[in-house]
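The values are calculated or read from the model by the stated rules, or taken from the named source; none is laboratory data. A quick note: this is a predicted structure, and the numbers were derived from the prediction, not measured. With ideal geometry, Cβ positions are generated from the backbone for all residues, glycine too; neighbour counts draw on all protein chains shown. Keep in mind that these areas ignore ligands, DNA and RNA; they rest on the heavy atoms of the full protein, side chains included. Shrake-Rupley method; radii C 1.70, N 1.55, O 1.52, S 1.80 Å.
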Amino acid sequence: MSDLQTIDVSLGPQHPSTHGVFRMNVTLDGETITRLQPVFGYLHRNHEKIAEGNSWLAAMPYTDRLDYICPLTNNWAYALAVEKLAGIEVAERAEFLRVITAELTRLQNHVAFLGFILGDMGAWGTALMYAFREREKILDLFESLTGARMMCNYMRFGGCRCDLPPGWLDATRKLVDGFPAFLDEMEALLNGNEILLARLQGVAPLSAARAINGGLSGPVLRASGVDYDIRKADGYGIYSRFKFRVPRGVVGDCFDRFMLRVLEARESVEILKQAIAGIPDGPVVNPKAKQRGLRPPAGEAYGRIEGPKGELGFYLISDGGDKPFRFRIRPPSLINLTLLEELCLGTKLADVMVILGSIDIVLGEVDR
Amino acid sequence: MTGTLEAIRAAMPSAGVELVNNPSPCGQHSLRVERKDALAVAEFLRDRLGYDFCSNVSGVDWPTRKVKETNTKKEVVDGVEKEVKTTTERDVPGFLEVVYHLYSISENSGPLTLRVRTGDREADVSVPSLTPVWKSADFQEREAFDLFGIRFDGHPDLRRILMWDEFADFPMRKDYVPPDDFEYEPTPHDEILAKVKARTEAA
């Protein structure tokens with residue numbers, strides 16, 4: 001009897017709410033999900049193989065294309081892994097530049113997330129435009145610093161590619177100081193909204209133990225109440241010098257995942273204020289660090305950072321040559337989808353888009 | 001790392017575990033585990049040593065290497081004793097390897113690098129799946145199967161993940177040769193084109 005009731009639906013790959021070319025084969029009993037199989041690979045170009053055929057430096061611009069919303073944190077993760085592998089020191093000013101650009105990236109990612117998830121819920125337009133208005137200001141800063149809005153290619157081994165243009169720090173300070181007001185505006189617009197609460201609260205809760213075992217990382221992990229932020233745990237770069245809090249959720253439902261981004265953006269503002277106040281003068285790249293023709297000694301290293309979407313890691317093996325022997329990316333977007341079926345089972349079809357939106361994926365990174 | 005190794009050896013004296021030295025300045029040494037013991041060691045690491053977070057699963061292809069060996073022998077040539085050098089080439093057989101990077105969220109430690117090797121690159125390419133221990137290995141082991149051709153015994157759903165199901169090769173292997181035309185598929189035009197070509201050549 002139940003066989004007559006269930007229907008199979010292919011959600012995607014072309015679907016406005018799948019954030020790219022991502023497909024889910026869903027079995028429905030009425031409107032309830034009884035099975036969900038994600039299908040990947042529509043954007044696969046084997047990034048890892050391409051990187052293994054090029055020099056160490058040539059992989060840097062290509063990392064921009066992973067999670068194309070957050071190019072600067074991708075750059076940092078790769079630079080960090082190579083620096084670990086080859087034992088390269090990072091210039092002091094560059095450490096501050098990295099923190100500033102990475103936290104700006106986190107701000108604009110979380111802001112874009114707020115717009116996207118509202119779009120997933122059917123509030124198409126208004127919230128996204130509010131969010132993108134603010135994101136655009138940050139992208140303008142990226143453009144004046146690196147020459148590109150999204151394909152920044154800014155970090156280098158041992159530092160950054162170029163110093164700040166004149167007036168950049170003042171413009172950033174102004175943006176950062178005005179940012180909490182925008183977050184207040186956004187929260188006032190959204191958080192009291194009954195429809196938003198009804199669509200998010202209690203949808204797809206996730207326990208802490210399950211989230212850890214499923215390898216979730218970043219905001220999705222912390223929304224389940226796990227106090228784990230790689231900026232605190234590893235203290236990579238100079239994060240151990242800054243004072244900031246790590247927000248945590250309680251029940252790990254979609255609302256916790258949503259609110260966590262807002263709270264994290266507020267903490268990023270705090271880090272940015274401290275970093276802008278403390279940035280020293282000096283070179284932006286370690287003059288001893290070799291860029292072109294780098295040949296790290298034979299060995300391997302795993303370097304990871306707290307990206308806006310979760311733990312972004314690079315596992316590199318060098319055989320002493322001018323190309324990576326093995327170049328592996330640990331993509332947070334893909335691994336955060338591990339528990340997607342578990343989260344969606346028993347929910348309604350319309351909730352799938354909200355759950356997927358609350359995980360926050362970018363297909364450039366899922367498929368690589 | 002040596003403490004972890006001793007703890008494993010104390011709890012499981014028969015387990016085949018050895019330390020693999022990493023010459024890189026980062027000093028991330030790793031533990032190599034025999035295939036038969038991998039699942040038991042993984043469970044021990046998770047339940048007893050607190051490695052609750054399996055961060056990264058990576059396939060590595062180590063192709064067959066040629067190693068040159070030079071031997072010096074004393075021989076009598078034309079009544080005079082000389083040192084004669086002979087160079088022999090020896091093949092070091094290749095294998096595939098799975099590398100797991102483990103972290104402990106409860107103890108805030110890591111990474112612990114765990115390596116499991118297959119027997120060779122062609123026939124004996126199975127390793128036990130660690131997905132029953134850490135669910136996060138699910139998609140990543142599928143990826144290693146897809147791109148490297150490593151078979152994971154006990155994986156709940158071992159299918160290709162990034163390449164399409166009909167794809168036959170393993171693109172991340174070092175000896176993979178990409179096709180000239182990725183999008184080639186036979187069409188009726190081929191016949192017509194062949195006819196035209198034959199006619200123009202005859203004329």
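What are the pairs with Cβ atoms under 8 angstrom where one residue, in segment A:199-216, is more than 10 Å from chain B (Cβ to nearest Cβ) and hydroxyl-bearing (Ser, Thr, Tyr) and the other, located anywhere, is part of a loop (DSSP other than H, G, I, E, B) and open to solvent by less than 10 Å² (accessible area, probe 1.4 Å)? Sequence gap at least six, or different chains. These pairs meet every condition: A:Ser207/A:Ser224; A:Ser207/A:Gly252. Counting only strands (runs of 3 or more DSSP E) wholly contained in segment B:103-162, the ones carrying 3 or more residues that are free of Cβ contacts under 8 Å to residues at least 60 places away in the same chain occupy B:151-153.
Residues are listed down the side, and each one gets a yes or a no for (1) within 14 Å of another protein chain (Cβ to nearest Cβ); (2) open to solvent by 60 Å² or more (accessible area, probe 1.4 Å); (3) not acidic (Asp, Glu):
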site	(1), (2), (3)
A:Arg266	no, yes, yes
A:Leu272	no, no, yes
A:Ile276	no, no, yes
A:Ile279	no, no, yes
A:Val285	no, no, yes
A:Gln291	no, no, yes
A:Leu294	yes, no, yes
A:Ala298	yes, no, yes
A:Ala301	yes, no, yes
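Within segment B:164-171, the presence of at least one residue that is open to solvent by less than 10 Å² (accessible area, probe 1.4 Å) and of a type outside the set (S, T, N, Q) is confirmed. Taking segment A:163-191 as the range and being part of a loop (DSSP other than H, G, I, E, B) and closer than 14 Å to A:Arg261 by Cβ as the test, only A:Asn191 passes.
Could you look through segment A:311-368, keep only residues that are aromatic (Phe, Trp, Tyr), more than 8 Å from every other protein chain (Cβ to nearest Cβ) and open to solvent by less than 10 Å² (accessible area, probe 1.4 Å), and pick out the one that is nearest to A:Asp227 (Cα to Cα)? For segment A:311-368, the residue satisfying everything is A:Phe314. Within segment A:197-236, the set of residues being open to solvent by 30 Å² or more (accessible area, probe 1.4 Å) and of a type outside the set (S, T, N, Q) comprises A:Leu197, A:Ala198, A:Arg199, A:Gly202, A:Pro205, A:Ala208, A:Ala209, A:Arg210, A:Asp227, A:Lys232, A:Asp234. Strands (runs of 3 or more DSSP E) fully within segment A:244-360 that include at least 2 residues being in contact with a Pro (Cβ under 8 Å, 6 or more places away or on another chain): A:299-307, A:310-318.
Yes/no per residue for (1) in contact with a Leu (Cβ under 7 Å, 6 or more places away or on another chain); (2) in contact (Cβ under 8 Å) with a residue 24 or more places away in the chain:
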site	(1), (2)
B:Gly50	no, yes
B:Cys54	yes, yes
B:Glu69	no, no
B:Thr72	no, no
B:Glu75	no, no
B:Asp78	no, no
B:Glu81	no, no
B:Lys85	no, no
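Could you say whether any residue in segment B:35-48 is of a type outside the set (S, T, N, Q), in a loop (DSSP other than H, G, I, E, B) and either touching a strand residue (DSSP E or B) at 6+ places or on another chain (Cβ under 8 Å) or closer than 22 Å to A:Arg304 by Cβ (or both)? Scanning segment B:35-48 turns up no residue that is of a type outside the set (S, T, N, Q), in a loop (DSSP other than H, G, I, E, B) and either touching a strand residue (DSSP E or B) at 6+ places or on another chain (Cβ under 8 Å) or closer than 22 Å to A:Arg304 by Cβ (or both). Under 19 Å from the mean Cα position of the chain (by Cα) and either in contact (Cβ under 8 Å) with a residue 60 or more places away in the chain or under 30 Å from A:Glu341 (Cβ atoms) (or both), is that true of A:Ile33? Answer is no for this residue.
Filtering segment A:21-44 to residues that are within 13 Å of chain B (Cβ to nearest Cβ) and more than 20 Å from B:Phe139 (Cα to Cα) leaves nothing. Do we have B:Ser136 as closer than 30 Å to A:Ala209 by Cβ, in contact with a helix residue (DSSP H, G or I) (Cβ under 7 Å, 6 or more places away or on another chain) and at the interface with chain A (Cβ under 10 Å from one of its Cβ atoms) here? Criteria met by B:Ser136. Looking only at segment B:1-20, filter to residues that are polar (S, T, N, Q) and surrounded by fewer than 13 Cβ atoms within 10 Å (Cβ to Cβ); which one of those is modelled with the highest pLDDT? Only one residue fits best here, namely B:Ser14.
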